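The values are calculated or read from the model by the stated rules, or taken from the named source; none is laboratory data. Owing to the predicted nature of the structure, the values given are computational and were not obtained by experimental measurement. So basically every Cβ, Gly included, is an ideal-geometry build from the backbone, and we count neighbours across all protein chains shown. Surface areas here come from the heavy atoms of the whole protein model, side chains and all, with no ligands, DNA or RNA. Shrake-Rupley method; radii C 1.70, N 1.55, O 1.52, S 1.80 Å.
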Amino acid sequence: QVQLMESGGGLVQAGGSLRLSCAASGSIGTITAMGWYWQAPGKQRELVARITRGGQTNYADSVKGRFTISRDNAKNTVYLQMNSLKPEDTGVYYCHVKDRAPADIVDYDLWGQGTQVTVSS
């Protein structure tokens, strides 16, 4: 089984920075994409940033220019550099991985347990 280990969350003042990381380990096939989703209390989970194995990125409009996603394919790790944090960024951030088993076409969705990010005023 594939395991996702998230780290880097915590409490930070507005305007500060955090760096989230997520490392995949276990029975990994080929990771086609990695990303981060965000969920505020009482709200639905939504995409923050995503990056493919080839380096193509997608960002939520609310984080463009402030957050940067990157990955290390050799280490099966994705990072989210969060700068100029705002109180509205507060929530649980979940790592997401799409993994393709050998000889398969369909990707399998994997989720981390989430890491809390709290931004104070």
Query raised in the report: S27 to D109: extension gain in nm, 0.36 nm per residue of separation minus the Cα-Cα distance?
Result: 28.2 nm
Query raised in the report: How far, in nm, would the chain grow between Q116 and N73 when pulled straight, counting 0.36 nm per residue and subtracting the alpha carbon separation?
Result: 13.0 nm
Report summary line: Taking 85-97, 22-34 and ranking on average Cβ neighbours within 10 Å, highest first, one gets 85-97, 22-34
Requested in this report: List, in order, the whole-Hz ³J(HN,Hα) value for each residue of the range 89-98 obtained from phi through the Karplus relation with A = 6.51, B = -1.76, C = 1.60 and θ = phi - 60°; use x for Gly and Pro.
Outcome: 7, 4, x, 9, 9, 10, 6, 10, 9, 9
**Report entry** Surface per residue (accessible, 1.4 Å probe) for the range 39-90, Å²
**Finding:** 58
Query raised in the report: By how many nm would the segment from Q81 to V2 lengthen if fully extended, with 0.36 nm per residue of separation less the alpha-carbon distance?
Result: 26.1 nm
